[in-house]
Amino acid sequence: QVQLVESGGRLVQAGGSLRLSCAASRNIFSINVIAWARQAPGKQRELVADITSGGTTNYAESVKGRFTISRDNAKNTVYLQMNSLKPEDTAVYYCNAFFGGDVYWGQGTQVTVSS
């Protein structure tokens with residue numbers, strides 16, 4: 001099993017930056033894929049970015065060039081650096097991990113971008 005704890009969400013003005021953290025309860029080197037997803041009010045949850053154990057990254061078109069996902073295996077933590085934030089980035093951001101045939105989710109962290 002994997003427990004995930006997100007942090008770093010807060011209120012920020014449009015154009016600002018935030019870095020979200022996802023701390024895992026086990027060595028993330030053993031986790032095939034770790035991803036960030038988000039869910040805005042009244043909308044479906046959507047993938048934002050993911051990163052494999054080998055370091056390959058993938059981004060949603062809406063965040064390419066603005067968001068960067070990275071992982072620190074020594075700290076068992078995955079980060080999401082978010083720059084040039086827009087009001088439409090407002091959502092609860094969730095970390096998830098694909099491990100052992102199961103998907104594990106964190107509790108989420110709220111990001112609010114004011115115009």
Could you check how much of the accessible area of the chain is carbon and sulfur, as a whole percent, using a 1.4 Å probe? 48 percent
Please calculate the 1.4 Å probe accessible area of R45, with all protein chains present, and give it to the nearest 10 Å². 100 Å²
In terms of Cα to Cα distance under 26 Å, which lysines are near enough to K75, apart from those fewer than 8 places away along the same chain? K64
To the nearest 10 Å², what's Y79's accessible area with a 1.4 Å probe? 30 Å²
Please express the shape of the chain as an equivalent ellipsoid: the semi-axes are the square roots of 5 times the eigenvalues of the C-alpha gyration tensor, given largest first in whole angstrom. 23, 14, 13
Kindly sort D89, D72 by accessible area of their heavy atoms, largest first, with the probe set to 1.4 Å. D72, D89
Here the convex hull volume per residue of the range 75-114, taken over Cα atoms and given in Å³, is 88 Å³
Mind checking the per residue accessible area of the chain for me, 1.4 Å probe, whole number of Å²? 51 Å²
Once both label points are put 7 Å beyond Cα along the C-beta direction, the Q13-N58 separation in nm becomes 3.7 nm
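The values are calculated or read from the model by the stated rules, or taken from the named source; none is laboratory data. On a predicted model such as this, the values are computed, not experimentally measured, just so you know. We place every Cβ from the backbone using ideal geometry, glycine too, and count neighbours over all the protein chains shown. Ligands, DNA and RNA are excluded from the accessible area calculation, which covers all protein heavy atoms including side chains. Shrake-Rupley method; radii C 1.70, N 1.55, O 1.52, S 1.80 Å.
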